[in-house]
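Below is one structure, written out as structure tokens; comments come after it.
Readers should treat all values here as calculations from the given coordinates under stated rules, not as data from a laboratory. Treat the numbers as computed from the prediction; the structure is a model and nothing was measured. Virtual Cβ from ideal backbone geometry, glycine too; neighbours counted across all protein chains shown.
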Amino acid sequence: MTTQEVSENTLIAQEYKNLLRNTYLLLSTEDKKLIRKAFETAVDAHKNQRRKSGEPYILHPIAVAQIVADQIGLGATSIAAALLHDVVEDTALTLDDITLMFGETVAKIVDGLTKISKLSKDKRVSVQAENFKKMLLTMNDDVRVILIKIADRLHNMRTLEAMPEEKQVRIASETLYIYAPLSHRIGMYNIKTQLEDLALKYTEPEVYMDIEQKIKDSKEVGLKYIDNFTKELQSHLTKERIKFKTEGRFKSIFSIRNKMQFKNKKFDEVFDRFAVRIIYNCTPKQEKFLAWKIYSIVTDHYQPNPMRLRDWISSPKSTGYEALHITVVGPGGKWVEVQIRSERMHEIAEKGYAAHFKYKQGKKDEGGMELWLNRLREVLESQDTDAVDFVKEFKLNLYANEIFVFTPNGDLKSLPKGASPIDFAFSIHSEVGEKTRGVRVNGKIVPLNHTLNSGDQVEIITSETAKPNANWLDFVITSKARSSIRSALRIEERKTADEGKELLRRKLRQMKFKFNDRIINAMVSYFKLKTSLDLYYRIGIGSIDNKMLKKFASEENNRFYQFFRRRPSDKPKNSELENSQISSFYDMLVFGKNQENLDYTLSPCCNPIAGDDVFGFVSINDGIKIHKNECPNAISLHSNYGYRIVSAKWVDSSKGFFTGNIRLSGIDRLGLVNEVTHLISNAHNVDISQINFDSENGTFTGKIKLHVKRASTLDVLIKKLEKVSGIDKVVRD
């Protein structure tokens, strides 16, 4: 055995001891045997493999197992699975071998981890999104798969320096895009912070190094400040005979960068760079009482900022996080965040769900995540949920702050920040959401796109005749609401299409045409649609009217006549035939919640065309540039410049609702406004979004914001308004 081999074996043995250091006393004899067996199996399986850095490969699974044990707090089964997580993918061992040696549970976890590793490393967002969705589906089998995968990603990020630069950026971007938000949602804030900082180091190295250096430069002064502050606190708390310990910390690099970027602040202006934790020891019955007692002691000596109180003890986060957060004016007028937690709360904050269920179920090992998994399954089991949409919605809900609103009966509901009354309605029940006609917030009627705030009391007004509107999709943010609305719209579309089909059958009979596949296919091609369902739907809503049908009939009869007159050599050219079948299904690009028409350019890096799934990116010099969701640059843009991303989509102008503004002027008279609103309300597929009339010296001016199905509807409405007595002029903005 060479000197290098001896040295490496010593290192491996030492790392194995480190793995067991914090958990050894908590493990049973059987647990220790299981871990030892997994370790020896992994050492033998990986004995000829090395990492990119040149070190023995086995050091990676040992490091992952240590993260699983120490930072996530899982037990022997997970530690063994972490040690074995790469053997099926990278060595001669098979899943059957693992099953025989370690049993079904360990094998199932290893199988889930192997499936995730085999997912395509494609850079395209749509593929990444689909892979992410598949990865989450493994949680239905065993949540430990995801927890170990996060530990695996954390160690890979810690050792990313050995990778080529292109891989560094891709892996770091994927970490910000998927793994950091997921860690946040599972409540593993410590790991989430590490992932964000490590990812920033490779996605924006100059920014990272600049902030890191500034923290180092100010660290000595900062630590001294925190030390003095905590000594004062300790003296006050000790007098009250409270058993506690304190921790001082700096805000993470990623968090500081976000504050500087989004609030346009300099490093020195980020006022809550310092934080102090008070972790107290008590019985479960005393937890709440002692938290508020400590709060009272702190605020007796330091002036609190009342706008910065966060009470997550009375209403814990859905991740299980509990604590009191207060921001006070410390010595020298500097802001300091004080976090008050019991030892139980602290472990949950550091280790997430593993610790949460340890206390809830009284077990050391890995409990379930049923509450969260049930919410997740609702979305995952929706077969028609687009993967990219799913990831966008999922990420939004992962990172969103929570708000707490009340039902009329006083029940508390948790929703993501930015949620609308429609989100609230669907959170109660799908039927309530689908029948929503209006809403009262704190006793006052508000629009359906109103943004809810914590403490609001929300009452949903329902009606049997009400039904979901496509516009709702622009302001709901919860996955349940979006999927339920889409499902209801499809049902409504099918119903309209069935009515349109019967109407078309009668129209064709009147025009002496047979209702058969040939004529339907000819109409689909003539109107440049994709399917017969599209044809029936447009006839049902009236966007294909009698005039258009008669024109088709005339041309079809003429084509039939020409066919018999044409010589055999007069066959249409392929290009002519193909051009006649080209679909113009998507004819408008709209932006944001209000589906606005804005100036844009198509990005040459991915060359999007009408109908592609796209997003807008606000560039510095060229305005809004349109990229496909599958663009090679999409992950980088989403990860690094999320604040400059604008939602965009190609729409079919005959199916969507669009915002239109009209201005009116003329001679004022009694009842004019009522007549105008009555006319608009009776118009087909037109909704009034906003209306404003001003009258002065016998004349009036008015501005009306409308949601309309298509531009032609607006033109017809304008002509009708021009005929109203007293109206002199109607123009479209």
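Over 23 Å between C-alpha atoms is what I'm after, so list which of Lys288/Lys413; Lys201/Lys259; Lys214/Lys245; Lys224/Lys251; Lys501/Lys530 land there.
Distance filter (> 23 Å) returns Lys214/Lys245.
Over 31 Å between C-alpha atoms is what I'm after, so list which of Lys550/Lys723; Lys239/Lys266; Lys192/Lys219 land there.
Pairs exceeding the cut-off: Lys239/Lys266.
Give me the percent relative contact order of region 3-206, please, defined on Cα pairs under 8 angstrom at least 6 residues apart.
Worked out over region 3-206, it gives 16 percent.
Highest first, please rank the peptides 83-89, 333-339 by the mean number of other Cβ atoms sitting within 10 Å of their residues.
Numbers: 83-89: 24.3, 333-339: 18.1.
Final packing ranking: 83-89, 333-339.
Long-range amide H contacts for Gln457: which residues qualify at under 5 Å (H placed 1.01 Å from N, peptide plane, sequence gap of 5 or more or a different chain)?
Here Phe406, Asn442 satisfy the definition.
Report P(r) for region 588-651: all Cα-Cα distances, bin width 10 Å, range 0 to the bin holding the largest distance, values in whole percent.
23, 61, 16
Mind listing the long-range amide H neighbours of Thr462? Cut-off is under 5 Å, sequence gap 5 or more, other chains count too, H placed in the peptide plane at 1.01 Å from N.
Under 5 Å from the amide H of Thr462 lie the amide H atoms of Arg437, each far enough along the sequence or on another chain.
Can you give me the distance in nm between label points at Val731 and Ala92, each placed 7 Å from the Cα along the Cα-to-Cβ direction?
Between Val731 and Ala92, the simple spin-label model gives 8.4 nm.
May I ask you to derive the FRET efficiency for Glu166 and Asp687 from their Cβ-Cβ distance with R0 = 51 Å, giving the value to the nearest 0.05?
0.55
Sorted by packing (mean other beta-carbon atoms within 10 Å per residue), highest first, where do 105-115, 50-60 land?
The most tightly packed comes first, giving 105-115, 50-60.
Need one number: nm distance between label points at Lys293 and His429, each 7 Å from Cα along Cα→Cβ, rounded to one decimal.
Going by the 7 Å Cα→Cβ label model, 4.5 nm.
Provide the packing ranking of 688-695, 484-491, i.e. peptides ordered by the mean count of other C-beta atoms within 10 Å per residue, highest first.
Those peptides, ordered most packed to least, come out 484-491, 688-695.
Among Glu696, Glu434, which comes first, second and so on when ranked by fewest other beta-carbon atoms within 10 Å? Let's see the in-between values first.
Details: Glu696 8, Glu434 18.
The order, fewest Cβ neighbours first, is Glu696, Glu434.
Tell me, what ³J(HN,Hα) does each residue in region 165-179 have, in order and in whole Hz, if you take phi through Karplus 6.51 cos²θ - 1.76 cosθ + 1.60 with θ = phi - 60° and put x for Gly and Pro?
For region 165-179, the Karplus-derived couplings read 4, 4, 5, 4, 5, 5, 5, 5, 5, 4, 5, 5, 6, 10, 6 Hz, x marking Gly and Pro.
Can you list the residues, at least 5 places off or on another chain, whose amide H is less than 5 Å from the amide H of Ser689, using H built in the peptide plane?
Placed amide hydrogens put Lys705, Leu706, His707 under 5 Å from Ser689.
Only Cα pairs under 8 Å and at least 6 apart count here; give the relative contact order of region 658-732 as a rounded whole percent. Walk me through the numbers on the way to the answer.
On the way: 124 pairs, mean separation 34.8, N = 75.
The value is 46 percent.
Projecting each Cα onto the charge dipole of region 658-732 (Lys/Arg +1, Asp/Glu -1 at the beta carbon, about the Cα centre), which of Val686, Val724, Ile704 comes out farthest on the positive side?
Farthest along the dipole direction, towards plus: Val686.
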